[in-house]
1. Which ³J(HN,Hα) values in Hz, rounded to whole numbers, follow from the phi angles of segment 118-131 under the Karplus curve 6.51 cos²θ - 1.76 cosθ + 1.60, where θ = phi - 60° and Gly and Pro get x?
2. At a 1.4 Å probe, what is the % contribution of carbon and sulfur to the accessible area of the chain?
3. I need the calculated FRET efficiency for the pair Lys116 and Phe61, taking r as the beta carbon distance and R₀ as 35 Å, to the nearest 0.05.
4. So what are the ³J(HN,Hα) numbers for segment 49-62, from phi and the Karplus equation (6.51, -1.76, 1.60; θ = phi - 60°), rounded to whole Hz, Gly and Pro as x?
5. Can you order the peptides 38-47, 25-34, 59-68 by their average number of other Cβ atoms within 10 Å per residue, highest first?
6. Can you give the charge dipole size of segment 76-151 about its Cα centre, rounded to the nearest 20 debye, using +1 on the beta carbon of Lys and Arg and -1 on the beta carbon of Asp and Glu?
7. Summing +1 for each Lys or Arg and -1 for each Asp or Glu, what net charge is found among the other residues whose Cβ lies under 13 Å from the Cβ of Glu33?
8. Where the only charges are on Cβ atoms (+1 Lys, Arg; -1 Asp, Glu), what is the dipole of segment 4-151 about its Cα centre, to the nearest 20 debye?
Amino acid sequence: MKLDSLTNDNSRKWYLVYILLYISLISSFLLGENSTGGAIKDYINHKNISLDFRNNFYETFFNYEKYNTRHSPVLTIFLSFFEKIKLNDFFIRFIHLNICLILPIYFYKSLNLLIKNKNITFFLVSLLFISPTFRTLSIWPDSRLLGLTLF
C-alpha cells in the first residue's frame, strides 16, 4: 500500500471523519456556539444593517460610514438579499455555514499541491473543523470567513 494515495478503505475512513466533523459543526450550529466571544454581537450588527439595506438600499449604501463598522458592506448586502425574500434567520445562517464548507475544499486542493501525501493533507484540513474561529464564523455569518472563501 502506498502512503501517498488514499486507498478505498482509507478514503472511506476519511469520508467518515469528514462527515462526523460536519455533524459536530451542525450540532454547534443548533446549540449556537460562540467560542470566540464576539461573533453574535457582530452578527446582530450585520443583521441590523442588512435590514436597513433591505428597506432602503441606496441610502444605506451611500451613507454606510455612519454605521461605524469595520466590515465591508458586501456581507450585509448578501444578507439583505435573504432578508428581502423573507428568509428565516435560521436558514440564512445555515446557508452561510454550508457556503463556508467550500473553504476546506480549497484548503485541501492548495495543500495537495504542496504535500503529496493525501493522508496528511486530509488530516490537516480536518483540523480546520476544530478551529474555534472557523466554527464560530461559520455559524454566525461574518465578512472575514466569507471573504476568505470567495476571494
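1. 3J(HN,Hα) across segment 118-131, in whole Hz: 5, 5, 5, 4, 5, 4, 5, 5, 4, 4, 4, 5, 9, 5.
2. Reported share for carbon and sulfur atoms: 66 percent.
3. About 0.15, to the nearest 0.05.
4. 5, 5, 5, 5, 4, 5, 6, 8, 4, 5, 5, 5, 5, 7
5. Per-residue mean Cβ counts within 10 Å order the peptides as 38-47, 25-34, 59-68.
6. Details: 8 positive and 3 negative charges, 47 e Å.
So the magnitude is around 220 debye.
7. With Lys, Arg at +1 and Asp, Glu at -1, the net is +2.
8. The calculation lands at about 220 debye.
The values are calculated or read from the model by the stated rules, or taken from the named source; none is laboratory data. Bear in mind that the values here come from a model prediction, so they are computed numbers and not experimental data. Backbone-built Cβ (ideal geometry, glycine too); neighbour counts: all protein chains shown. With ligands, DNA and RNA removed, areas are computed over all heavy atoms of the protein, side chains included. Shrake-Rupley method; radii C 1.70, N 1.55, O 1.52, S 1.80 Å.
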